[in-house]
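Chemist: Sending over a structure as structure tokens; questions will come in a sec.
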Amino acid sequence: MSDLQTALSGLQEKLQALLKRQLALEKENHQLKGTLEEKLLLISQLENELKNEQAALITAQMRPAQ
């Protein structure tokens, strides 16, 4: 019976460690998703700026030289 209790205790400790690891990974995943969302937003903003600058450059090139 003692061996069974020891085995169960060991399993319980491993389960607790796995649950703790799962929580840490879920937290990290949440943080990474937030970072990804921020980076995607920044990329979108920079792409818009680039398009605006390209349009301004094309407009400037199309004006007759004075």
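Coordinate-derived values only; no laboratory data. Small disclaimer: the values here were computed from a predicted structure and weren't measured.
Chemist: Can you count the Lys pairs in the stretch 3-61 with C-alpha separation below 28 Å, eight or more apart or on different chains? Could the numbers behind the result be given before it?
Modeler: On the way: K14/K27; K20/K33; K27/K39; K33/K51; K39/K51.
Counting lysine pairs in the stretch 3-61 gives 5.
Chemist: Calculate the translational D of the chain in whole µm² s⁻¹ from Stokes-Einstein, where the hydrodynamic radius comes from the Kirkwood formula applied to all Cα pairs, the temperature is 37 °C and the viscosity 0.692 mPa s. Mind dumping the intermediate values first?
Modeler: Numbers: Rh = 17.1 Å.
Roughly 192 µm²/s, to the nearest whole number.
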